[in-house]
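Structure first, then comments.
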């Protein structure tokens with residue numbers, strides 16, 4: 001029924017100005033608009049709706065994943081813009097913070113200004 005529907009991802013923010021600067025300025029997503037309730041950004045194949053909320057309870061897992069062709073290059077470019085990559089004691093990560101899964105998929109994690117966990121993924 002929904003297989004042909006356009007999908008939008010939803011994340012919350014208590015800091016809309018910082019979120020706008022981050023999602024558009026740092027990540028490079030196209031700012032679509034602000035309807036007073038949420039900021040809307042667009043990437044290659046999806047929209048991200050960053051909703052104004054009174055409180056954030058960040059998930060312990062990534063809420064957005066960005067699939068890239070060259071994770072090392074993307075991590076380096078984001079790091080140059082001030083993005084700090086998360087480190088987890090239960091994964092072996094390289095010097096950039098990239099973890100390689102058993103199948104060869106590579107993943108790196110980082111937070112937005114509201115501590116929503118985001119990821120970059122390069123599939124094997």
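The values are calculated or read from the model by the stated rules, or taken from the named source; none is laboratory data. All values derive from a computational prediction rather than experimental measurement. Quick reminder, even Gly has a Cβ in these numbers, built from the backbone with ideal geometry, and neighbours come from all protein chains shown.
Details
- In segment 74-112, the residues that are within 15 Å of residue 22 (Cα to Cα) and part of a loop (DSSP other than H, G, I, E, B): 81, 82, 83, 84, 112
- Complete set of residues in segment 1-55 that are more than 24 Å from residue 81 (Cα to Cα) and in contact with a helix residue (DSSP H, G or I) (Cβ under 7 Å, 6 or more places away or on another chain): 52
- Among the residues of segment 15-27, some residue qualifies, meaning at least one is closer than 18 Å to residue 110 by Cα, part of a loop (DSSP other than H, G, I, E, B), more than 12 Å from the chain's Cα centre (by Cα) and at pLDDT 95 or above.
- Of the candidates 5, 62, 55, the single residue that is touching a residue at least 12 places away in the same chain (Cβ under 8 Å), part of a loop (DSSP other than H, G, I, E, B), on the phi < 0 side of the Ramachandran plot and surrounded by fewer than 11 Cβ atoms within 10 Å (Cβ to Cβ) is 55.
- Residues that are part of a strand (DSSP E or B) and under 14 Å from the mean Cα position of the chain (by Cα), drawn from segment 42-52: 42, 47, 48, 49, 50
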